[in-house]
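*Asks:* Quick one: the structure is below, questions incoming.
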Amino acid sequence: MFRGSSFHTIDPKGRIIIPARFRDAIKAGGGDGVVVTRLDNALFVYTFDQWSKVESKVLSMAETSEYMRRFRRVFIGGASDCNCDKQGRILIPPVLRQYAELEKEIVLVGQIMHFEIWSKENYEREAMQMEEDMKKEAVSNEIAKLGL
């Protein structure tokens, strides 16, 4: 499982170090690599086993919806296998780096079954937006359903 956040840098070649606790989850999830795709101005990273489940769910959805076809085209079509090297790094393809605006400082954010890679600036904006959203009654009611 992927929990917690950690701050890192991406090197000029586009490599990032995966924290040891995430590497353990990656190995338990089907291999020495991950599948990386794009969503919400960030990168979503799945183990091979978890990615198979995501693909099965997407395949089970009807393609009659224009929105679902577009989502599938971008989310599945934009996915890339990224294998860990001996130093525990993965190489993020240039098109995905550009999409998520990854230049130097990044944040890896655990999301239980996957983790996300954000530029530090975009992540800080996202966190501030959540703080603002939590002031809205509808948002706080949704969170309250979790018992928090």
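*Asks:* In the neighborhood of A42, defined by Cβ-to-Cβ distances under 10 Å, what is the net charge if each Lys or Arg adds +1 and each Asp or Glu adds -1?
*Replies:* -3
*Asks:* Which pairs in the list K27/K57; K53/K135; K53/K104 are over 28 Å apart, alpha-carbon to alpha-carbon?
*Replies:* K53/K135; K53/K104
*Asks:* Among the GluC sites (Glu not before Pro) in the stretch 1-74, which ones are in a DSSP loop with at most 16 other Cβ atoms within 10 Å of the Cβ? Mind listing them?
*Replies:* Passing sites in the stretch 1-74 are E63.
*Asks:* Mind sorting Y99, Y123 by how few other Cβ atoms lie within 10 Å of their own Cβ, fewest first?
*Replies:* Values: Y99 18, Y123 21.
Fewest-to-most Cβ neighbours within 10 Å comes out as Y99, Y123.
*Asks:* Give me the one-decimal nm value for the distance between modelled label points at D11 and I76, 7 Å along each residue's Cα-to-Cβ direction.
*Replies:* 3.5
*Asks:* For a label point 7 angstrom out from the Cα of E103 toward its Cβ, which stretches of the stretch 120-148 have the backbone nitrogen within less than 17 Å?
*Replies:* 120-126
*Asks:* Moving on to the next point. From the gyration tensor of the Cα coordinates in the chain, what semi-axes in whole Å does the equivalent ellipsoid have, largest first, with each one equal to sqrt(5λ)?
*Replies:* On the way: eigenvalues 119, 89, 54 Å².
Each semi-axis is the square root of five times an eigenvalue, giving 24, 21, 16 Å.
*Asks:* Something else: Using every Cα-Cα pair within the stretch 99-148, state what percent have a distance larger than 12 Å.
*Replies:* Every Cα pair in the stretch 99-148 considered, those over 12 Å come to 70 percent.
*Asks:* Counting other C-beta atoms within 10 Å, which of T47, T37 has the fewest, and how do the rest follow?
*Replies:* Values: T47 23, T37 20.
With the fewest neighbours first, T47, T37 line up as T37, T47.
*Asks:* Simple spin-label model, 7 Å along Cα-to-Cβ: K136 to E124 in nm?
*Replies:* Label-label distance for K136 and E124, simple model: 2.4 nm.
*Asks:* For every other residue with a beta carbon closer than 14 angstrom to the beta carbon of D11, add +1 if it is Lys or Arg and -1 if Asp or Glu, then tell me the sum.
*Replies:* On the way: positive: K13, R15, R89, R97, K104; negative: D85, E103, E105.
Counting the neighbours of D11, the net charge comes to +2.
Here, each number is a calculation from the coordinates, and none is a lab measurement. In this text the structure is predicted, and so the values were computed from the model without any measurement. Because the Cβ atoms are built from the backbone with ideal geometry, glycine has one as well, and the counts that use them run over all protein chains shown.
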